[in-house]
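Everything below concerns the one structure shown next.
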Amino acid sequence: MPLIMTTPRQSIPSTAARTTLPTSSPQLMPRIKRSLHNETTDRNAADATLAERLSAAMTSGHSMVQVPAGSTLSPALTVYQQLLNQPCVQDWIKSTGLETTSLTVHKDFIQGYVKRDGVYTAVKFTTSDDSGWWQASVKLRGIRELLDPADQGLSYVGDDDHWMPRDVVIQAFGLQAPDSQQDIDLLISRLRTEGLSLSADDLSHRAAALDCVRQTIGDLQEREALADQLSLLAADLPDEGPVDWSEQTVSLSPDSLLSKGDQAARERLRRFTELPQMRELLRQEGADRSDLPFRVSQGKFERLMPVGGWRNLTRYVEGVESLNNELNALVALSVPLGNALYSTPRYDMRQLIDFKGLGSPRTAGEARNIIQWLRTALPPAPSLGDYAGLMGREWAPGQLTEGDKSTLGSLARTRLAGAQSRGFIVLSGKTPQELRTDTAKHLDNLLNSPDALAFGEQLGRAVNWYGAAHGGPGLSKEVRQQLAIAAIKLHVDPDMPGKPGEVAGYEIYQPANMGRSLDAVRADIEKHLHEKKGVDPKMAVLAAHVCLGQAAPEFLVRDVPEAVHIGTPAWMELRLGCAMADSHAPGTSRAMNEEQVTTLTTLSPASQAQQTLMQLQGLKIMADWGVLNGVIRERSDGEYSQHDIQSASQAFFKQRVEASAAFTKAAAPLPTRESLAIKELLRAFPGTTADELKAMTVQIADAQVRRNMAVSEPRTRSIIETYMTGDLTPGKWILTRDVPIPQGRPAATAMQHYQAPEAPAHKRTELDTLIRRLPKLGGLLEAAVNDHRKSLQGAYATKLKLMIAELPLADRQALELGTVELFTLRSETGENALEETREQRAVARGRQCTLMRVEHNGQVHYYEVFAKGKIIKRDDLPRSLKLNGVIRQESDLRKTDRFIPFHWGSDQPFDFAAYCSGSDPRSGHSSPGVIVERLGVSLSGRVLPSNAMPQTFVPNSYLSQKTSSIANHIAQGNFYETQGSMLERAREPLALEKHREAIAREHGILRGLVPFVGAYQAFAAGDIGNGMTSLALDLVGVAIGAGAQARALIRSARALVPNPLTRMIGRLGSSVSPALPKIAWAKPAVAFSDRAFDFVKQTVLFASAAFNPVDGYSAMVKAATKGLVKLPQLITRGAVKLGKVAPHLLTAEEKLRCYWMVAAGQSVSTPKVRAVETVVSQVGEYQGTDTRAARDNGHWYAIDLRSGQPFGTPLAGFAVAASR
């Protein structure tokens, strides 16, 4: 029976009524069983057997050990085995061809052997490549971390037995892996005498950790199931249609935190419903059936009705004070449970979505955004994060002190720059160019080399890192690598980490870098490190890489298209996506490619608090964009006012709106004679579809006329073709379908009489009436093409403005302040000057490029502005050009024997062929017979603003009136296609080569606009023609159609070609998005890529800062504008304490962080720290931070709250808190 919903909400069939919707728990989320072994097996006996097997393996030298059933390791191994057997993992393994017996699973990669042509080859797939391993392995990560925290490598576990590497077994029982034969002998002796065992505390800790892993797996399963259910239910609903998702029940994972946390609250609700006053109230209202559950949902007290739906009883309860008080208490209890609480073990879809921190969707459109959230996955953060694990911008336990930095910097300079410098052995024989190719791989090779690890150990001893000195157990590999990284960075700059967006004094987002590619800026940083900081050229490549990981993580994202330039919206979205990915674990974004990172910004905020958090991330990005584009002036202190940010935001959205409009115009197909014919015929034949119309034919109505027609003339024709040729006239035709079927036999000879069937007169009259309504196609086509060309001219002008805004700063200054002249180039027409026409000159013009001359401060520069999107500066041309050719009197014997004037060109230093075709111009090439003509009038320069200096002046080029005039002159006066050529193309299909040339020009316009439109921008149905689709296949390697993201046009073909390894995982999530979404999906209403930068309409941050100055909002906004936006530290530390205002932000940040952690396969709930038996710690303060520390060998060391053990370097000056 359908659920009953209040009007006008959409009616969704109940779960029971929809037979296609799976609801049983095993189908959607199979339970991870606690153990497949006999649970009655004695653990101690099994561990004793394991100790014997481990001892035997070590004696014989075997690396693998069979783990017996019932041992301490068995529960975790069983979960690991079940996850390996899940379809997504098995499908991935089969797609790669990996032999399961050879597999080894590590934190960041999986390796093994594949059999190719009878030969076994070692292969390795990482979580940061395009193999799809990070998506397939998301559920494996937690259990892998529990079983193998030291990353020794887990083998594949089959169905019948549990074989594990012996080092994994050793670490599981808290033993030190032996490094020598003596250590092996000692361990064997211990195993034989003491066996293997864990303390009660350790067993409890291990069980709690396994529960956390199960909860994470359950959460991931719930997300998959919930996304599938929502997709089915919302499939046919309009975006804006209101839907009550609380009407839909859901099944939870057996390990769901929601089901584990509501027992006490449910019991209290049950007691509430059994109160005498409540029973009487229910009896009076006719709602006293005992078999129907109650619920508290979004503050309302409701009961399920026998016919379906929930009846709201809140107003009756509010009338009884004692009941109302208890209801308020129950409402408070329901808030952390997804704002819902049931009297029976029951859960609804809205509640589960809310519980996961995604708000409460009220429409089908909002539900589709939730589906995108639920299917979003993240890779695990690389072990070295953003290369700043020991040097954050604010000190935290485990990081280096100022004294430590000084020590490391001195040792680094001695090794890397001193007279006795020796660098690193692994870099010998490498060139800087080699290191620039896959820099991350070369850096990993360096950090894993014995040379670098030994250097890290030396550094650890120098700073007294806990465990490195006094005969300790030594440093972990990760700590040694982080110390080596810190030394490299301190060698570059002793003041590391420096300000956000800066590397050793080099400002990454300076106005001079506007419009430059990330690779070009990175090369400048390397040059700066070498020339200004004295860093070796090879080390400069690696040093720039590790510094950018913290200063500008977007530079380390993989596969960033060349078209993503600094200062473009595409770059802003890339930065925002990095901030989103890195919010739960720094460095996550460098394991992703540009498409995956940018796709995060197409999500829509699920709450106002989420939007505010993203705006905090967007403040610094918006300020940088404003400075780069000359909208606001750069401030040395990095502090920008509300007016500055809002001015930049307003300019940004003006540019975005114009670029989006231009993109839409450029994507529109050229109106053709056929398309207009179909449009008008459909209007004349209402109720007919386009396919039916294409199959419709007409024939000559008069049989006598048909008999007398020439054989070459068709008697029956397509109605569309007939209309296109102008032959569809009244009194001549009849619809073929209206002609009666002939009854007799046709004449066998010419002497026989045969009466052909005649069409009914009324049918002929009907068709004639419709034909008379049809307009003349010729005039329609000309007007439509003219309108289309004007539309393209507007789009072209927008693109030209964007091109000019990306020129180097010095060129933009000259354009704004200097005098600009525009010129066109054409060839000779061959006609005498008296008879030469404007049309002939227009045809002879090179329309794919316009020449621009700029004179400023006595200097002259030329620029070739190509329609395809490239501006080439020419400093090799003379100060003045030969204009207008020459007029010479010559004879033309074809027409007269007298001398008449001819207009001739001359040899000019331009590649005129490139001006005609749009190809790349040949350097140093000159062309004969070229005439240079002025285009429009000279454009004088503006006066330098009184508050600006010539050297620091940054023009707002895009919004400049001067830029607009230049763009309009070119778009109107030298558009890349003439009206006649476009009309000819609309009338008749061109040859394939010419067709592709024409489409390529339009494709170039689109590609130039893509970096400036939102990442959510998609092609709408009808906005792209068959020709464009074919070109997309030719040039990009992917079919572009309705619903496809426009950003795909600037990505490489390699990244977009369907890949069997990644087809099942889609872009970012575990499921592929619909190939042809509804048009309403094309632009989310509130995508992060819009909301994070909207400080004009969305002003919660500024309003809160104005109304709550003492609560710290203004200080938080100021810090965020500087790029210091590390929540929750930003909210809770120092002067930025928001009192009663910020907790909602802190809660939202924590929920979002937890959501991303689970999306990356990490456990959110961590078990309590194991008791520290040998170390007594005390609470105190260090550098203004509350710290727990322990004293060892005369030094205070911070306590690692994850392990309960001391770590880091000595805390000189640690102050123990006074006892209370």
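The values are calculated or read from the model by the stated rules, or taken from the named source; none is laboratory data. Predicted model, so just to flag it, every value in this text is computed and none were measured. Heads up, the Cβs are rebuilt from the backbone with ideal geometry, glycines too, and the neighbour counts pull from every protein chain shown.
The helices (runs of 4 or more DSSP H) found wholly in region 225-330 and carrying at least 2 residues that are over 24 Å from Pro361 (Cα atoms), in contact with a Ser or Thr (Cβ under 9 Å, 6 or more places away or on another chain) and not hydrophobic (A, V, I, L, M, F, W, C) occupy 263-273, 276-284. For region 652-670, does any single residue satisfy the condition of being surrounded by 19 or more Cβ atoms within 10 Å (Cβ to Cβ) and within 24 Å of Glu502 (Cα to Cα)? So far as region 652-670 goes, yes, one or more of its residues are surrounded by 19 or more Cβ atoms within 10 Å (Cβ to Cβ) and within 24 Å of Glu502 (Cα to Cα).
Scanning region 913-960 for residues that are assigned to a loop (DSSP other than H, G, I, E, B) and surrounded by 15 or more Cβ atoms within 10 Å (Cβ to Cβ) yields a count of 11. Just one residue in the set Ala377, Ala367 is part of a loop (DSSP other than H, G, I, E, B) and in contact with a Leu (Cβ under 8 Å, 6 or more places away or on another chain); that residue is Ala377.
Looking at Thr601, Thr568, just one residue is polar (S, T, N, Q), buried (at least 22 other Cβ atoms within 10 Å of the Cβ) and touching an Asp or Glu at 6+ places or on another chain (Cβ under 6 Å), and that residue is Thr601. For region 484-541, the set of residues classified as among the basic types (Lys, Arg) and surrounded by fewer than 24 Cβ atoms within 10 Å (Cβ to Cβ) consists of Lys499, Arg516, Arg522, Lys527, Lys532, Lys533, Lys538, listed by residue number. With respect to the conditions (1) closer than 21 Å to Ser71 by Cα; (2) among the hydrophobic types (A, V, I, L, M, F, W, C); (3) free of Cβ contacts under 8 Å to residues at least 60 places away in the same chain, Leu186 lacks only one, and its number is (1).
Residue pairs whose Cβ atoms lie under 9 Å apart, separated by 6 or more positions or on different chains, with the first residue in region 913-937 and under 15 Å from Arg847 (Cβ atoms) and outside the structural domain of Leu881 (by TED's automatic domain parsing) and the second among the aliphatic types (A, V, I, L, M) and part of a strand (DSSP E or B), do not occur.
Of note, Pro345 satisfies the criterion of being in the same structural domain as Ser246 (by TED's automatic domain parsing) and more than 37 Å from the chain's Cα centre (by Cα).
Working carefully through the options Ser343, Ser334, Ser322, find the one that is of a type outside the set (Phe, Trp, Tyr) and within 30 Å of Gln610 (Cβ to Cβ). So that I can check it myself, show each step before the final result.
On the way: Ser343 fails: within 30 Å of Gln610 (Cβ to Cβ); Ser322 fails: within 30 Å of Gln610 (Cβ to Cβ).
Result: Ser334 is the single residue among Ser343, Ser334, Ser322 that is of a type outside the set (Phe, Trp, Tyr) and within 30 Å of Gln610 (Cβ to Cβ).
Residues in region 739-773 that are closer than 14 Å to Ala703 by Cα, in contact with a strand residue (DSSP E or B) (Cβ under 7 Å, 6 or more places away or on another chain) and at pLDDT 80 or above: Val739, Arg764.
Give the residue that is surrounded by the most Cβ atoms within 10 Å (Cβ to Cβ), with candidates limited to residues of region 123-179 that are assigned to a loop (DSSP other than H, G, I, E, B) and hydroxyl-bearing (Ser, Thr, Tyr).
By that ranking, first place goes to Thr127.
Checking each residue in region 56-83 for being crowded, with 20+ Cβ neighbours inside 10 Å and farther than 28 Å from Gln111 by Cβ picks out only Gly70.
Go through region 418-465 residue by residue and tally those that are closer than 17 Å to Arg522 by Cβ and part of a helix (DSSP H, G or I). Spell out how you get there, then give the answer.
In the first step, residues of region 418-465 are kept if they are closer than 17 Å to Arg522 by Cβ; the result is 431-443.
With part of a helix (DSSP H, G or I) added as a condition, the list becomes 432-436, 439-443.
Final tally of qualifying residues: 10.
Note on region 84-122: residues that are crowded, with 16+ Cβ neighbours inside 10 Å, among the aliphatic types (A, V, I, L, M) and more than 15 Å from Pro380 (Cβ to Cβ) total 5. For region 256-282, filtering for residues that are hydroxyl-bearing (Ser, Thr, Tyr) and touching a Gly at 6+ places or on another chain (Cβ under 8 Å) leaves 1. So, in region 813-869, of the ones that are within 26 Å of Leu628 (Cα to Cα) and out of contact with any strand residue (DSSP E or B) (no Cβ under 8 Å at 6 or more places or on another chain), which residue ends up surrounded by the fewest Cβ atoms within 10 Å (Cβ to Cβ)? Of everything passing the filter in region 813-869, Asn857 is surrounded by the fewest Cβ atoms within 10 Å (Cβ to Cβ).
Among the residues of region 532-546, is any within 30 Å of Gly409 (Cβ to Cβ), in contact with a Cys (Cβ under 8 Å, 6 or more places away or on another chain), β-branched (Val, Ile, Thr) and part of a loop (DSSP other than H, G, I, E, B)? No, because not a single residue in region 532-546 is within 30 Å of Gly409 (Cβ to Cβ), in contact with a Cys (Cβ under 8 Å, 6 or more places away or on another chain), β-branched (Val, Ile, Thr) and part of a loop (DSSP other than H, G, I, E, B). Taking the listed residues Gln482, Gln458, the one that is over 21 Å from Val557 (Cα atoms) and either touching a residue at least 40 places away in the same chain (Cβ under 8 Å) or of a type in the set (Lys, Arg) (or both) is Gln458, with no other qualifying.
Scanning region 185-201 turns up no residue that is farther than 15 Å from Gln81 by Cβ, within 40 Å of the chain's Cα centre (by Cα) and not in a loop (DSSP other than H, G, I, E, B).
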